[in-house]
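Quick notes on the structure that follows.
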Amino acid sequence: MLTLALAGGAFAAEDYTENPGKEGNGNFTIGPDYEPSPELQDQGNPQGKSFQFTMALADSKIFRGDDETLEPTKGLRKARNIYVYVPAAYKDGTKAPFLVIHDGPGQLRNVSTALDNLTISTDPNRKLPAFIAIAVQNGGDDSKGSQRGLEYDTMSDREARFINDEVLPAVLQNKEIRAAYPNIAFTDNPWGRGAMGGSSGGAAALTMGWFRPDLFRRIITYSGTFVDQQDDDAAEEKKYPLGAWEYHSSMNLIGNSEKKPLRIFIHASENDNGSTLPESSYHNWVMANERTADVLKEKGYDYRYVYSLASGHTDRRVYAHTLADTLVWMWRGYHD
């Protein structure tokens, strides 16, 4: 039997099954008008507890802020903020599922409100498990040569290891969190471990699942940077010369690899970055997401692709309109 060795114990992957069905799978076009979802608005339901602490980059063994690919002109944080939301429905001592949110706090408020409203839903088709939301701030700046770019756009398992080996233990060991939840714990089940992000944070979410499906399997990406934005001098360039572009084009990693145990949501906006560039460009965001959707479909993945009209890169209106539906679709079928 295949056993996955994870932080906090071991999980027998073959012992867990779920049947989410195909509802909500496929390609969808929305807009051009966007109404905020009532499930992302305060409805007076019990709220959970919020926490915040910092992690110094210098204390990390994985992202110390001294990588050779970093450009001196790029901004670099000395410490990153970690934001944690534990929903009211969480029972101390249970091994909680969780969702990592890149570029924290990012969409933490929307996710927290969705948890307040949907963990207590009486509609089984409109219910969320009591997952803990962990929003992780990037290391600084953006694009090639930056710490954020190193963390998010690099085609490796470094970000997955950073979250699993450093962030999760820091959350569990935090004194304030421990005072409120003395027996807090995270699930060892990779199907109870999700990652979410926008732009390069979206690419990071997919990369976490792609390189470490033994750790993370539920992936949410908005305006994902599935383009060539990996550092030109990164060691990974030798194996993946076009960065995340390799997922769907050129090497076609998704299509040419054995199907992985992942559930994937992707989104692109009509006016996303590089949307007017020709198909020959390695920086056409919309085409990159469309090709990713095509290859996920061909490979038989459980996927959902949303294309939003009259919208921009990581458009807040799109989040407000879709995120509740996205979370419900993403966690459908999960059980303790």
Checklist entry - Out of the residues in the stretch 91-142 that are among the hydroxyl-bearing types (Ser, Thr, Tyr) and buried (at least 18 other Cβ atoms within 10 Å of the Cβ), which is farthest from residue 317 (Cα to Cα)? => result 119
Checklist entry - Are any of the residues in the stretch 252-262 of a type in the set (Asp, Glu) and touching a Ser or Thr at 6+ places or on another chain (Cβ under 9 Å)? => result no
Checklist outcome for this item: If we keep only residues of the stretch 274-314 that are farther than 24 Å from residue 327 by Cα and touching a residue at least 40 places away in the same chain (Cβ under 8 Å), then the residue surrounded by the most Cβ atoms within 10 Å (Cβ to Cβ) is 284
Checklist entry - Right, residue 187: in contact with a Pro (Cβ under 6 Å, 6 or more places away or on another chain) and of a type in the set (Ser, Thr, Tyr) or not? => result yes
Item to check | Scope the stretch 31-50; condition buried (at least 17 other Cβ atoms within 10 Å of the Cβ) and either farther than 26 Å from residue 134 by Cα or in contact with a Phe, Trp or Tyr (Cβ under 8 Å, 6 or more places away or on another chain) (or both); matching residues | outcome: 31, 34, 48
Next on the checklist: One residue is enough: does the stretch 143-150 have a residue meeting the conditions crowded, with 24+ Cβ neighbours inside 10 Å, touching a helix residue (DSSP H, G or I) at 6+ places or on another chain (Cβ under 6 Å) and on the phi < 0 side of the Ramachandran plot?
Outcome noted: no
Checklist entry - If you check residue 152 against the conditions, is it under 25 Å from residue 86 (Cβ atoms) and not basic (Lys, Arg)? => result no
Next on the checklist: Being of a type outside the set (Lys, Arg) and within 25 Å of residue 212 (Cβ to Cβ): is that true of residue 283 here?
Outcome noted: no
Checklist outcome for this item: Going through the stretch 232-257 in order, the residues found to be closer than 18 Å to residue 283 by Cβ, without any contact (Cβ under 8 Å) to a residue 12 or more places away in the chain and assigned to a loop (DSSP other than H, G, I, E, B) are 241, 250, 251
Next on the checklist: Any residue in the stretch 18-32 that is among the acidic types (Asp, Glu) sitting within a Cβ distance under 9 Å of a residue that is part of a loop (DSSP other than H, G, I, E, B)? List the pairs, counting only those 6 or more apart or interchain.
Outcome noted: 18/332; 18/333; 18/334; 18/335; 23/332
Next on the checklist: more than 25 Å from residue 34 (Cβ to Cβ) and either part of a helix (DSSP H, G or I) or of a type in the set (A, V, I, L, M) (or both): is that true of residue 260 in this structure?
Outcome noted: no
Next on the checklist: Pull out all pairs, ordered by first then second residue, where Cβ-Cβ is under 6 Å, the residues are six or more apart or on different chains, the first lies in the stretch 44-62 and is within 13 Å of residue 112 (Cα to Cα) and touching a residue at least 12 places away in the same chain (Cβ under 8 Å), and the second is aromatic (Phe, Trp, Tyr) and crowded, with 16+ Cβ neighbours inside 10 Å.
Outcome noted: 48/85; 50/85
Checklist outcome for this item: Just one listed residue, out of 291, 332, 317, is among the charged types (D, E, K, R) and in contact with a Phe, Trp or Tyr (Cβ under 6 Å, 6 or more places away or on another chain), and it is 317
Checklist entry - So, of the residues in the stretch 10-25 that are assigned to a strand (DSSP E or B) and loosely packed, with under 13 Cβ neighbours inside 10 Å, which turns out to be modelled with the highest pLDDT? => result 12
Checklist entry - With the stretch 154-206 as the region, which helices (runs of 4 or more DSSP H) entirely inside it contain at least 1 residues that are touching a strand residue (DSSP E or B) at 6+ places or on another chain (Cβ under 7 Å) and modelled with pLDDT of 95 or more? => result 168-173, 175-180
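The values are calculated or read from the model by the stated rules, or taken from the named source; none is laboratory data. Here the structure is a predicted model, which is why all the values come from computation and not from measurement. For neighbour counting, all protein chains shown are included, and Cβ atoms are generated from backbone atoms with ideal geometry for every residue, glycine included.
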